[in-house]
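I have placed the structure first, in the form of structure tokens, so that the comments after it can refer back to it.
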Amino acid sequence: MPESPDSSSDIIAVTGASRGLGAAIALELAGRGLTVGCLSRQGIGPAETVAVPDELAARMVMAKCDIKDGDSIRASLAALSDQGYRLRHFIANAGTHIAGPSHKFADADIATLLDTNVAGTFSCLREAYQYLGEGSVIVTIGSFYDRIGAPQNAIYAASKAAIGAIARTLAVEWARDGIRVINIAPGYIETDLNKEFLESDRVREFFKRRVALQRWAQPDEIARLIAALLQDDHPLLSGETIYLDGGHAITHGRI
Ligand SMILES: NC(=O)c1ccc[n+]([C@@H]2O[C@H](COP(=O)([O-])OP(=O)(O)OC[C@H]3O[C@@H](n4cnc5c(N)ncnc54)[C@H](OP(=O)(O)O)[C@@H]3O)[C@@H](O)[C@H]2O)c1
């Protein structure tokens with residue numbers, strides 16, 4: 001049987017739903033008739049950053065959540081529960097990116113990346129666990145940087161490799177509860193996180209030469225796979241990292 005929410009009180013929580021990929025995931029899920037808990041530090045959802053039709057906005061419930069703060073995560077999940085929603089699936093999308101030369105990468109930047117991407121993601125899943133159950137799917141957002149050597153990205157790449165490890169471990173540990181965990185590792189997606197970087201001619205030229213599909217992703221292309229994974233029936237899919245990078249990481253280059 002498909003594992004999509006079947007009751008009007010079921011809700012899918014998405015962290016970092018205020019913009020970028022998280023907003024696209026929230027929109028895609030709402031567009032499929034599902035109710036979405038939009039967790040963000042400001043307690044805002046996609047409607048605050050992009051045009052959202054009223055009928056989709058009506059399926060989004062906002063909650064303030066800073067994933068670096070355990071109390072904040074607990075309060076946001078309790079707020080959804082207090083409003084009568086049953087947490088069905090959890091999308092751990094929120095994350096941050098800092099790049100720079102490794103030989104002078106600042107302690108504060110190391111801490112921000114690890115506290116947000118690794119500890120923050122893990123804390124969200126730890127707190128979500130008590131609300132999830134048989135048939136629940138957790139989706140984490142990693143990155144294809146976990147399997148390439150992207151200069152000036154040692155700690156970001158390490159944080160995303162750690163997310164893959166967390167997904168694998170929890171997939172095994174929580175299998176007995178009927179919870180599956182899938183790590184989605186996108187290539188470049190056009191969002192605030194890298195818009196400036198992607199706009200340069202040098203980068204466009206690089207994509208033409210070096211990436212099988214010759215382009216980067218739009219957020220809705222990643223969101224569609226995530227929504228399909230929640231709605232389709234894939235009972236054996238757990239603990240895996242799925243790369244969604246247009247063949248970027250495996251392309252030798254166009255000669
Ligand atoms: N863009 C890419 O090319 C790319 C590629 C691979 C993987 N990813 C991953 O995809 C995910 C989304 O990235 P994006 O490109 O959509 O980035 P983005 O446009 O910068 O959005 C980041 C989101 O994360 C939220 N966030 C950051 N720190 C948070 C915290 N402490 N607590 C709660 N929310 C927090 C932000 O919410 P606020 O409104 O509170 O700031 C925002 O909604 C990240 O995990 C990123 O590493 C991105």
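The values are calculated or read from the model by the stated rules, or taken from the named source; none is laboratory data. Everything numeric in this text was worked out from a predicted model, so none of it was measured. In this analysis, Cβ positions are derived from the backbone assuming ideal geometry, glycine residues included, and neighbour counts consider all displayed protein chains.
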Query raised in the report: Do we have any residue at all in region 205-212 that's more than 14 Å from the chain's Cα centre (by Cα), among the acidic types (Asp, Glu), surrounded by fewer than 20 Cβ atoms within 10 Å (Cβ to Cβ) and at pLDDT below 95?
Result: yes
Requested in this report: Hey, could you check region 201-224 for residues that are farther than 15 Å from ASN93 by Cβ and of a type in the set (Lys, Arg) and say which is nearest to the ligand (Cβ to nearest atom)?
Outcome: ARG215
Requested in this report: Please enumerate the residues belonging to region 132-149 that are out of contact with any Lys or Arg (no Cβ under 9 Å at 6 or more places or on another chain) and under 19 Å from GLY20 (Cβ atoms).
Outcome: VAL139, THR140
Requested in this report: Could you give me the residue pairs with C-beta distances under 7 Å whose first residue belongs to region 202-226 and is touching a residue at least 24 places away in the same chain (Cβ under 8 Å), whose second residue is away from the ligand (no atom under 16 Å from the Cβ) and among the β-branched types (Val, Ile, Thr) wherever it lies, and which are 6+ apart or on separate chains?
Outcome: ARG210/THR251; VAL211/THR251; ALA212/THR251
Query raised in the report: Based on what the data block shows, is SER9 within 16 Å of the ligand (Cβ to nearest atom), of a type in the set (S, T, N, Q) and touching a strand residue (DSSP E or B) at 6+ places or on another chain (Cβ under 7 Å)?
Result: no
Report task. State which residue is surrounded by the most Cβ atoms within 10 Å (Cβ to Cβ) when the search covers only region 213-243 and only residues that are among the acidic types (Asp, Glu) and closer than 17 Å to SER136 by Cβ. Result -> GLU240
Query raised in the report: For ILE222, which of the numbered conditions (1) touching a helix residue (DSSP H, G or I) at 6+ places or on another chain (Cβ under 8 Å); (2) farther than 27 Å from GLY31 by Cα; (3) in a helix (DSSP H, G or I) fails to hold?
Result: (2)
Query raised in the report: Are there any pairs with C-beta distances below 7 angstrom linking a residue in region 244-255 that is surrounded by 15 or more Cβ atoms within 10 Å (Cβ to Cβ) to a residue that is of a type in the set (Val, Ile, Thr), with the two at least 6 apart or on different chains, and if so which?
Result: LEU244/ILE184; LEU244/ILE222; GLY246/VAL211; HIS248/VAL211; ALA249/ILE148; THR251/VAL211
Report task. Quick one: which residue in ARG41, ARG86, ARG74, ARG59 is away from the ligand (no atom under 13 Å from the Cβ), under 24 Å from SER159 (Cα atoms) and at pLDDT 95 or above? Result -> ARG74
Requested in this report: Mind counting the residues in region 134-156 that are of a type in the set (Gly, Ala, Ser) and either under 30 Å from ILE12 (Cβ atoms) or within 9 Å of the ligand (Cβ to nearest atom) (or both)?
Outcome: 4
**Report entry** Number of positions in region 186-200 that are modelled with pLDDT under 90 and either in a strand (DSSP E or B) or within 8 Å of the ligand (Cβ to nearest atom) (or both)
**Finding:** 3
